[in-house]
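The values are calculated or read from the model by the stated rules, or taken from the named source; none is laboratory data. Just so we're clear, the structure is a prediction, and the values are computed from it rather than from any experiment. Neighbour counts are summed over all protein chains in view; Cβ atoms, including those assigned to glycine, are modelled from backbone coordinates with ideal geometry. For accessibility, only protein heavy atoms count, side chains too; no ligands or nucleic acids. Shrake-Rupley method; radii C 1.70, N 1.55, O 1.52, S 1.80 Å.
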Amino acid sequence: MTDLGKKSIDPATIKMIEKACADGCETIFDRAEAMKPCPIGAEGSCCKHCAMGPCRVPATKKKDGVPQKKRMGLCGATAETIAARNFARMVAAGTAAHSDHARGIAEAFLATAKGEVPEFKIKDEQKLYQLAIDLDVEIGDRTVQEIAISVGQKCLEEFGRQHGEVPLLKRAPAKRQEIWRKLGIAPRGIDREVVELMHRTHMGVDQDYQSLLLSAARCALADGWVGSMISSELQDIMFGNPMPVLGKINLGVLKKDEINVVVHGHEPLLPEVLVAVVKDPDIQKAALATGAKGINLVGMCCSANEILMRHGIPVAGNFLQQELAIVTGAVDAMVVDVQCEMQSLAQVAKCYHTKLITTSAKAKIEGAMHIEFDEHHATAVARKVLMEAISNFKNRKPNVQIPDDVTDQVVGFSVETINYLLGGLFRASYKPLNDNIINGRIRGIAGVVGCNNARVTHDDPNLTLIKELIKNDVIVLVTGCAAMTCGKAGLLRPEAAREFAGEGLASVCEAVGIPPVLHMGACVDNSRILMAATEVVKAGGLGDDISDLPAAGAALEWMSEKALAIGHYFVASGVYTVFGTTWPTTGSEEVTKHLFEDYENIVKGKWGFFADPLEAAKSMIEHIDKKRKALGIDKARDRVLFDMAKRREIDEA
Ligand code: XCC
């Protein structure tokens, strides 16, 4: 085992990698060492879209300054077409994943509205009305139930819509909508965009990289402004709009003397029911009868984010910690639904006593127990799952070791919450945020999202980037596994403002009582960031499009196709978006240049790539400053001198 510090910066993770090693249990960290990525695939140059290949078509380099004849696949596909096709297919898969999650939620929502799921109800009527308006659903004097049924039906229709454009696009700033329409990338319906992109990338169809990338943008927009947005909205309406709540994070949330149940995945349906059912007296009694002191329900990955944001349920860790939770020897059941669940969980579970339980009809794992979730029998499924965990407690082996690392965090910053916090309940507004951006106390806004990637030091790139951003007065909005990185490092505590942020940002955070990094939820909740950006545009003074804002996005430790879809919808929404670790189109300089440079003129947002997180931060800050200059507010920031007198003045303001 090579240098552990290169594997993770998180002490709990390092301790559990060591334990796995001592227990003879292989994890992703071992496999990452043993197997390097395929260099042809990594640069997007492998075409396996037909049975004449796979063809390897790397970029044609100049020889002695002379351009060489372009290399091609058997069918004549160029490196440009192949790189763009591979990129587009990843976007299609990412969009499909988020949107199929949304479909499941919409179906559960409709069943709830019809009164078929007593466990769920319409919790947030205000949000229901707003969504109804945005979906062109009539309100009139109809009952909440009637409106909810229509909203559920309308959401499901958005998947199969064939023509026109999806109504939720109207939520974006008018100028942004115009750009999409002019480019012909306003999505028609979710499924249509995914299917069309799969068609275009089939052998012998769309063979113009620019056309492929724009089509990918249309598909990605169907993710961000429709699929993911529907997920977040309907989940908020059913389960409650997140409000600031105190939570705990890291493997130390597992308890030696309690039955530990880890929920892992993305769809919050079963986790929501588990949160309620775990308190049932007979479940508690059954747990105590085993000799355990109770049941400890905790989360992993985005399922964790969902129940953390709404109930303050503790989080065991992010993507690269999923196997390690089991390695503690204290997890009696790991309950998974869809996305980001490693197949190796089944093998790791065998090294210990953990029952791995799959619950989605769409996601089975060889060797795991399957208890299928269906919202019509939600409580029964939840009870069954908990009873499996309870009955497994007695099988724990002696080698239990739980790291004592736990950090407090304040989470739950939905778009509406930020509104209230900044403007107060009666004059809720983003205007104070805009004012502080204009006067330079806050330099700009960054969204840092996405995964962990075993090819780089766990948590390090995202944390280094985010610390650098807040030090430079950039307020950071986080979701997904990147949010958990911040939680573990203590950046989600209000005190972090004074400890880590620049003077300007710290003074604003302290005045409002928020951390300098705001946890906005799970991966599907990146749509919240789009809406927050739109609110900032609407509040005035910072241009009339998302692309005018002093803002940037990043996902330095990305690994999933969903992350690429997210990145592409941010870019297509006008945001400079930086990825790290690896970039999937390096096989074609032309394609890469198109996304990194030309896109700024086409969609007014662009991609960037930096292996070094500090370089990424520098580039994002430069972009923010460029936008400040264009808005004519660069001088305001120059005048802000943060000596003690100024600080006192700010504090008193
Ligand atoms: Fe998965 Fe959402 Fe990535 Fe984490 S951040 S590894 S996608 S759990 Ni979305």
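Apply the a/c threshold of 1.5 to the C-alpha gyration tensor of the stretch 313-466 and tell me whether it is rounded, prolate or oblate. Prolate, because a/c is 1.5 or more and a/b exceeds b/c. Can you give the Kirkwood hydrodynamic radius for the stretch 55-167, in Å, rounded to one decimal and based on Cα pairs? Computed over the stretch 55-167, the radius equals 18.0 Å. In the chain, a dipole from Cβ-located charges (positive for Lys and Arg, negative for Asp and Glu) runs towards its positive end, and of Gln207, Leu477, Gln339 it is Gln207 whose Cα lies farthest in that direction. Summing charges over neighbours of Ile390, with a neighbour being any other residue whose Cβ is under 13 Å away from its Cβ, gives +2 when K and R count +1 and D and E count -1. Each 5 Å bin from zero holds the following percent of Cα-Cα pairs in the stretch 247-322: 4, 18, 27, 24, 17, 9, 2. Fully extending the segment from Thr290 to Glu622 would add 113.6 nm, taking 0.36 nm per residue of separation and subtracting the current Cα-Cα distance.
In the chain, the DSSP beta bridges split such that about 20 percent are antiparallel, to the nearest 5. Solvent-accessible surface of the stretch 205-245, averaged per residue with a 1.4 angstrom probe and all protein chains in place: 19 square angstrom. Using bins of 5 Å that start at zero, the share of Cα-Cα pairs per bin across the stretch 291-340 amounts to 5, 18, 31, 25, 14, 4, 1, in whole %.
Heavy-atom surface analysis with a 1.4 Å probe gives the chain a carbon and sulfur content of 54 percent of its accessible area.
The fraction of all Cα pairs in the chain landing in successive 20 Å bins from 0 to the largest distance is 19, 53, 26, 1, given as whole percents. Per the Cα gyration tensor, the stretch 1-118 maps to an equivalent ellipsoid with semi-axes of 39, 32, 12 Å, ordered largest to smallest. Summing +1 for each Lys or Arg and -1 for each Asp or Glu, what net charge is found among the other residues whose Cβ lies under 10 Å from the Cβ of Val331? With Lys, Arg at +1 and Asp, Glu at -1, the net is +1.
Rounded to two decimals, the Cα radius of gyration of the stretch 127-268 over 2.2 N^0.38 Å is 1.36. With K and R counted +1 and D and E -1, the other residues having a Cβ less than 14 Å from that of Gly115 yield a net charge of -2. Averaged over its residues, the stretch 1-131 has an accessible area of 50 Å² per residue, based on protein heavy atoms and a 1.4 Å probe.
Assuming a ≥ b ≥ c are the square roots of the Cα gyration tensor eigenvalues, decide whether the stretch 471-550 counts as rounded (a/c under 1.5), prolate (otherwise, with a/b larger than b/c) or oblate.
On the way: a/c = 2.40, a/b = 1.25, b/c = 1.92.
Cα axes put the stretch 471-550 in the oblate bin.
What is the stretch 365-430 by shape, rounded, prolate or oblate, if you read a ≥ b ≥ c off the alpha carbon gyration tensor as root eigenvalues and call it rounded for a/c under 1.5, prolate for a/b larger than b/c, and oblate otherwise? Before the final figure, lay out the partial values.
On the way: a/c = 3.85, a/b = 1.79, b/c = 2.15.
Judged from the Cα gyration tensor, the stretch 365-430 comes out oblate (a/c at least 1.5, b/c at or above a/b).
The calculated FRET efficiency for the pair Lys69 and Leu4, based on their C-beta separation and a Förster distance of 56 Å, comes to about 0.70. In the stretch 257-403, Rg over Rh equals 0.92, where Rg is the alpha-carbon radius of gyration and Rh the Kirkwood radius from pairwise Cα distances.
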